Amino acid sequence: MKKVKVALLEPNQVLLHGLTRILESSPEVELSTSSMSGLELIRALKAIQVDVILANINSIDIDALRLSRYVFSHYSNVRVILCGEINPGPLVKPILRHGVSTYFVTNSILPRNLVKLICEVHRIGFAYTDIVTKEVMESTWKVDDEFSFPEFNDREREVLCMICRGVSKKSIAEKLCLSPATIKYHLSRIFEKSQVSSTVELVVKALTLRWVEQLVGEKRYRESI
């Protein structure tokens, strides 16, 4: 099984050491880099492969939301998980809108659940926690249950289903025998039709409104007639 490559940003040296031990002892993840500096981490991203960034929201030299925006704009396949010592309350919504996949309170999660959380974010783009509940996700994106099902073409439907299953854009291109640029174009059209601006927002909306189930159901029906 391919390991999830993780970059760790933690300004507290004790916590950094503890999180490093947890990640290095897991057979499911691989610690690509760890740092106490957000700027140092950004420089490291240019030379290493990373799937998920686990970052403390209280970074010492860069705002964690600024880091998330940077990652989203430069490394669209990389997911960001933020953690902190306190519950951010209503501030969790703007945190999610900055492209963050999920948020948890540092001392509220067991080591095995932390690894599970990282793997889930890598697989589907987000994960629920005590802070980021389904209700929080729905209200963050203002999902409307009456939102009409977008008129995706057949290729867009294939791409959407794969994105919601956690398949990377590179793998989608390989599976569909298309170029990465073509997949990027299809995804931009899906964003436009879905009225979203990020992959995280798309996945949350698609799963909440059960678009994938509708697409699979339609496909099975068409194949049966």
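The values are calculated or read from the model by the stated rules, or taken from the named source; none is laboratory data. Since we're looking at a predicted model, the values are computed, not measured. With ideal geometry, Cβ positions are generated from the backbone for all residues, glycine too; neighbour counts draw on all protein chains shown.
Between a residue in segment 185-200 that is without any contact (Cβ under 8 Å) to a residue 12 or more places away in the chain and any residue that is in a helix (DSSP H, G or I) and buried (at least 17 other Cβ atoms within 10 Å of the Cβ), which pairs come within a Cβ distance under 7 Å, given they are 6 or more apart or on different chains?
Correct list of pairs: Phe191/Leu202.
Give the residues of segment 9-19 that are surrounded by 15 or more Cβ atoms within 10 Å (Cβ to Cβ) and either assigned to a helix (DSSP H, G or I) or in contact with a His (Cβ under 6 Å, 6 or more places away or on another chain) (or both), sorted by residue number.
Here is the first cut: in segment 9-19, the residues surrounded by 15 or more Cβ atoms within 10 Å (Cβ to Cβ) are 9-12, 15-16, 19.
Leu15, Leu16, Leu19, listed by residue number.
Is there any pair linking a residue in segment 65-93 that is under 21 Å from Asn12 (Cβ atoms) to one that is part of a helix (DSSP H, G or I), with Cβ under 6 Å and at least six apart or on different chains, and which?
The qualifying pairs are Leu67/Gly38; Val80/Ser68; Val80/Val71; Ile81/Val121; Leu82/Ala64; Cys83/Thr106; Glu85/Thr106.
Filter segment 1-53 down to the residues that are in contact with a strand residue (DSSP E or B) (Cβ under 8 Å, 6 or more places away or on another chain), closer than 17 Å to Ser68 by Cα and acidic (Asp, Glu) and list them by number.
Across segment 1-53, the qualifying residues are Glu10, Asp51.
Looking at Val50, Val6 in this structure, which one is modelled with pLDDT of 95 or more, farther than 20 Å from Asn87 by Cα, within 17 Å of the chain's Cα centre (by Cα) and in a loop (DSSP other than H, G, I, E, B)? Give the derivation first.
Values: Val6 fails: in a loop (DSSP other than H, G, I, E, B).
Testing whether each residue is modelled with pLDDT of 95 or more, farther than 20 Å from Asn87 by Cα, within 17 Å of the chain's Cα centre (by Cα) and in a loop (DSSP other than H, G, I, E, B) leaves just Val50.
Could you pull out the residue among Val29, Val50, Val6 that is within 14 Å of Lys116 (Cα to Cα), surrounded by 15 or more Cβ atoms within 10 Å (Cβ to Cβ) and in contact with a Ser or Thr (Cβ under 8 Å, 6 or more places away or on another chain)?
Numbers: Val29 fails: in contact with a Ser or Thr (Cβ under 8 Å, 6 or more places away or on another chain); Val50 fails: within 14 Å of Lys116 (Cα to Cα).
Selected residue: Val6, the only one of Val29, Val50, Val6 that is within 14 Å of Lys116 (Cα to Cα), surrounded by 15 or more Cβ atoms within 10 Å (Cβ to Cβ) and in contact with a Ser or Thr (Cβ under 8 Å, 6 or more places away or on another chain).
Do you know which residues across segment 177-225 are exposed (fewer than 15 other Cβ atoms within 10 Å of the Cβ), at pLDDT below 80 and either over 19 Å from the mean Cα position of the chain (by Cα) or hydrophobic (A, V, I, L, M, F, W, C) (or both)?
Within segment 177-225, Glu213, Gln214, Val216, Gly217, Glu218, Lys219, Arg220, Tyr221, Arg222, Glu223, Ser224, Ile225 meet the criteria.
Could you check segment 161-172 and list, in sequence order, the residues that are surrounded by 14 or more Cβ atoms within 10 Å (Cβ to Cβ) and closer than 12 Å to Asn77 by Cβ?
Of segment 161-172, the ones surrounded by 14 or more Cβ atoms within 10 Å (Cβ to Cβ) are 161-164, 166-169, 172.
Ile163, Gly166, Val167, Ser168, Lys169, Ile172, listed by residue number.
Residue-by-condition table, conditions (1) among the acidic types (Asp, Glu); (2) loosely packed, with under 15 Cβ neighbours inside 10 Å; (3) over 23 Å from Glu30 (Cβ atoms):
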{"residue": "Ser59", "(1), (2), (3)": "no, no, no"}
{"residue": "Ala64", "(1), (2), (3)": "no, no, no"}
{"residue": "Ser76", "(1), (2), (3)": "no, yes, no"}
{"residue": "Lys93", "(1), (2), (3)": "no, no, yes"}
{"residue": "His98", "(1), (2), (3)": "no, no, yes"}
{"residue": "Thr106", "(1), (2), (3)": "no, no, no"}
{"residue": "Val115", "(1), (2), (3)": "no, no, no"}
